[in-house]
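Coordinate-derived values only; no laboratory data. What you see is a predicted model, and the numbers here were worked out from it, not measured in a lab. Neighbour counts are summed over all protein chains in view; Cβ atoms, including those assigned to glycine, are modelled from backbone coordinates with ideal geometry.
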Amino acid sequence: MSNAHFSLPRLSKGRAQAVLAGGCDSPVRSGWGVGGPMFVQARAEGAYAYDEDGRRYIDYIMAYGPLLFGHTHPALTTGLDELAQHGFVWGTTHPEEIRLAERIRNHLPSMERMRFVTTGTEAMMSAIRVARAYTKRSLILKFAGNYHGHFDLALLNAGASAHTSDASAGGIPDGVMRDVVVARYNDLASVDAFLRGPEGELAAIIVEPIVGNMGYVTPAAGFLEGLRERTLRYGALLIFDEVITWLRFGLRGAQGRLAVTPDMTAIGKIMGGGAPIAAFGGREDVMNVLAPIGSTFTGGTHGGNPFCVGMAHRVLDLLEAHPEYYGQMRERAERLAGGIRALFHERDLPYAVVQHESIVDFKFRPGPPNQSYDDALEADKKKYADYWHAMLDRGILLPPSQNEVMFVSTAHSDQDVAQTIAAMRHRFSLEPSIADP
């Protein structure tokens with residue numbers, strides 16, 4: 001079946017809006033970042049998403065990161081009855097939950113003690129509560145363009161598709177805003193300016209060590225080390241949000257690659273291959289503030305449930321048995337990034353292409369790669385929207401927001417990469433004016 005020049009799926013936006021708030025369960029899915037309409041998906045397999053008409057798209061969303069092996073990898077989907085036959089949720093501690101924590105700590109030694117939750121939002125929200133209880137302070141410093149979930153504090157100047165420009169209109173109380181400051185990523189002078197005076201009130205600095213939510217942004221030399229030094233100086237904690245980076249950047253995550261050890265870490269959906277499981281953890285003395293040892297409460301019926309724990313074991317089994325998977329993903333991502341760079345060079349387009357491991361990204365913004373959220377906000381939204389629709393028309397499914405990145409999986413093939421580059425070549429050849437800054 002040809003993938004060129006087809007209409008969007010037949011399910012009407014009106015039908016979804018009649019039963020779902022805003023017609024979706026997460027705003028980015030509505031397509032508002034690209035002017036709509038939303039993409040409606042019927043199924044998925046391997047590197048591909050399918051709409052209701054059965055049309056196939058090469059999927060670079062990959063559920064926003066967790067699908068390292070693509071959709072429906074047989075090692076994850078075969079024998080699910082085995083995982084389910086003894087129950088989905090028990091409400092009790094079980095041996096496989098303990099074994100999973102041991103496996104995680106083996107790869108992330110900084111997580112001396114941990115607790116399982118369901119989502120990355122819960123993991124970061126819980127880590128912040130623990131940090132406040134441990135330090136007996138309230139102030140949190142975060143960075144514009146870093147996305148840590150949808151709890152109140154995290155949404156201030158958040159990346160991804162949060163679009164919380166007016167916090168009060170977004171239901172975030174004034175009291176929350178008094179206890180957080182938002183600095184500029186990759187800018188230690190900005191951190192110092194915000195902490196000059198209230199440094200004694202600082203409970204924690206939270207950060208994506210490598211950012212995937214304002215486009216792809218790497219930490220500048222010395223930036224994370226500078227954050228580590230400041231938290232030690234002020235008696236605060238350093239919390240890494242590795243919901244995207246752990247496993248996507250290897251079994252040791254960003255902290256292992258960058259050789260900066262946080263006090264606490266949050267990990268998420270990627271460890272379950274997309275199943276709803278997450279965790280937060282850190283130093284033993286910090287985590288001891290949690291009940292029943294301490295007086296700080298976190299909990300949840302689904303935390304550590306046997307089904308999702310079983311899925312997480314399957315993911316780690318695959319990665320530990322097949323270290324070559326990372327090389328395969330990296331090679332495909334390099335091929336994709338190289339093809340885009342060559343096309344931009346041919347067309348004299350001033351956009352920087354970045355690639356690290358299995359992530360590929362570029363923004364419709366002239367100049368070097370993004371270093372902060374200020375850079376990300378300069379990208380041309382209309383050009384991205386036009387590009388997104390043109391690529392969808394040619395069978396390529398991209399994130400419907402320029403703040404997101406392209407994720408490559410083990411399921412993507414050289415043919416998929418070639419088809420993607422061909423679709424881009426067609427798009428840019430039809431729009432010579434797109435080269436204008």
Counting only residues 5 or more places away or on other chains, whose amide H sits under 5 Å from the amide H of THR72 once H atoms are built in the peptide plane?
GLY46
Hey, what does the equivalent ellipsoid look like for the range 163-240, semi-axes from the Cα gyration tensor as sqrt of 5 times each eigenvalue, largest first, whole Å?
22, 18, 10
Segment LEU377-GLU331, length gained on full extension (0.36 nm per residue, minus Cα span):
13.6 nm
Whole-Hz ³J(HN,Hα) from phi, Karplus 6.51 cos²θ - 1.76 cosθ + 1.60, for the range 211-221, glycine and proline x
8, x, 10, 9, x, 8, 9, 8, x, 5, 4
Whole-number value, in Å³ per residue, for the convex hull of the alpha carbons of the chain is 148 Å³
Provide VAL289, VAL130 in ascending order of the number of other Cβ atoms located within 10 Å of each residue's Cβ, fewest first.
VAL289, VAL130
Total formal charge among the other residues, if their Cβ is under 12 angstrom from that of THR93, Lys/Arg +1 and Asp/Glu -1:
0
The range 211-351: relative contact order in percent, alpha carbon pairs under 8 Å with at least 6 residues between:
15 percent
Can you tell me which aspartates and glutamates have their Cα less than 18 Å from the Cα of LYS381? Leave out same-chain residues fewer than eight positions away.
ASP361, GLU404, GLU431, ASP436
Where N is the number of residues in the range 91-193, Cα Rg divided by 2.2 N^0.38 Å:
1.27
Positive minus negative residues near TYR134 (Lys, Arg vs Asp, Glu; Cβ under 13 Å):
+3
Going Cα to Cα from LYS383, which lysines come in below 27 Å? Please leave out same-chain ones fewer than 8 positions away.
LYS13, LYS363
Going by how many other beta carbons lie within 10 Å of each one, how would you line up HIS313, HIS356, fewest first?
HIS313, HIS356
What's the extension gain from PHE297 to ASP81 if we count 0.36 nm per residue and subtract their Cα-Cα distance?
74.4 nm
Chymotrypsin sites (Phe, Trp or Tyr not before Pro) within the range 48-133, DSSP loop, no more than 12 other Cβ atoms inside 10 Å
PHE88
Report the equivalent ellipsoid semi-axes for the range 77-321 in whole Å, largest first, defined as the square roots of five times the eigenvalues of the gyration tensor built from alpha carbon atoms.
30, 19, 18
Contact order relative to length of the chain, as percent, for alpha carbon pairs under 8 angstrom and 6 or more apart
23 percent
Debye sum, Cα scatterers, the range 80-149, no solvent: what log₁₀ I/I(0) at q = 0.15, 0.20, 0.24, 0.27 1/Å?
-0.73, -1.07, -1.22, -1.28
Translational D (Stokes-Einstein, µm²/s) of the range 197-322 at 10 °C and 1.306 mPa s when Rh comes from the Kirkwood sum over C-alpha pairs?
99 µm²/s
Could you work out Rg/(2.2 N^0.38 Å) for the range 283-356, with Rg from alpha carbons only?
1.96
Sequence of LYS383, LYS269 once ranked by neighbouring C-beta atoms within 10 Å, starting from the fewest
LYS383, LYS269
Starting with the highest mean, order 103-111, 248-256 by the number of other Cβ atoms within 10 Å, averaged over the residues of each peptide.
248-256, 103-111
Based on DSSP H runs of at least 4 residues, each adding -39500 (n - 2.57), what is the mean residue ellipticity at 222 nm of the chain after dividing by all its residues, to the nearest 500 deg cm²/dmol?
-10500 deg cm²/dmol
